[in-house]
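Read through the structure below, which is laid out as structure tokens, and then see the notes.
Every number in this text was worked out from the coordinates using simple rules, so none of it is lab data. Given the structure is predicted, the values throughout are model-derived calculations rather than measurements. Note that each Cβ is placed from the backbone with ideal geometry, even for glycine, and that neighbours are counted across all protein chains shown.
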Amino acid sequence: MESQLGARVLRKISLRIVPFIMLLYFVAFIDRVNIGFASLTMNKDLGLSSTVYGLGSGIFFWGYFLFEVPSNIILHKVGARIWIARVMITWGIVSAAMALVQGATSFYVLRFLLGAAEAGFFPGIILYLSYWFPARQRAAVTALFMAAAPLSTVDLPIDLPTSSATPQKKPDKPTYVSIKPDLTLAIGENAVKRADLINSLDAVPDMSRDKYVFLRADRMVPYGELMGVMELLRGGGYTHVKLVALEGVPGAPAAQQAEPAKP
């Protein structure tokens, strides 16, 4: 009888708590990665170089790292209801203040403050779950909570309705980028060195941040180097990057090796 009562209590607690904290984590991850999408036009509008953008993106985690433990200590003292609400409110205010960025300095300051504001959220939720769920059920609940992270990165093919009077623009043909063994990127007749990758790509006529980039490599290029170049491109605002033609590339997953390059 007691076991049945305990199961009903845990089920009710789960239905009350887990969907809401999943929603919060879903929004948290969207907020964390949206800087890459903003860079499509933000860098040019604000005059931010790729170096400033990269440093500003990383400063977020400085604030996150410095305030993560202090935030959990305060949560334990003042209670989860008050402190998690504080995290969400200040996090929302700083996120909205990102619209006021005027240059590199304000970009750095607000990214740091955003990390500091969000720092207590994830560890705070993990501590909060330990108050409600026994150790045996806690792993499953934590897994459900963390499932919101990959869900937030799902790219859904949603076409928004448009006016019939406005012709829809056909997507541009993708740009193929080949990586040579010396890590030089070949784009048509242009060759770009990895050391100054983003600034060099901005001067290549075929490259555009709103186009799809198909990244392929020579068989002598390790898969890890290929992934590194892809992350550099995405960090520089080239968000539509896809790895293709990986057959024979050392370390590439078998499933990706079998995937053909799309024309």
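K77 versus L15, label points 7 Å from Cα toward the beta carbon: distance in nm?
Result: 3.8 nm between the two label points.
Just to confirm a number: summing +1 for Lys and Arg and -1 for Asp and Glu over residues other than G124 whose beta-carbon lies under 13 angstrom from that of G124, what do you get? Could the numbers behind the result be given before it?
Working: positive: K77, R81, R86; negative: E68, E118.
That sum, taken over residues with Cβ under 13 Å, equals +1.
Over all alpha-carbon pairs in segment 97-156, figure out the percentage whose distance exceeds 14 Å. Walk me through the numbers before you get to the answer.
On the way: 1217 of 1770 pairs.
So the portion of pairs separated by more than 14 Å is 69 percent.
What is the distance in Å between the Cα centres of segment 2-77 and segment 92-125?
11 Å
Output the Kirkwood hydrodynamic radius of segment 1-160, Cα pairs only, in Å rounded to one decimal. Mind dumping the intermediate values first?
Details: mean 1/r = 0.0573 Å⁻¹.
Averaging 1/r across every pair of different Cα atoms and inverting gives 17.4 Å.
Pop out the ³J(HN,Hα) list for segment 111-120 in order, Karplus 6.51 cos²θ - 1.76 cosθ + 1.60 with θ = phi - 60°, rounded to Hz; leave Gly and Pro as x.
Using θ = phi - 60°, the values come out as 5, 5, 5, 5, x, 5, 5, 8, 4, x Hz.
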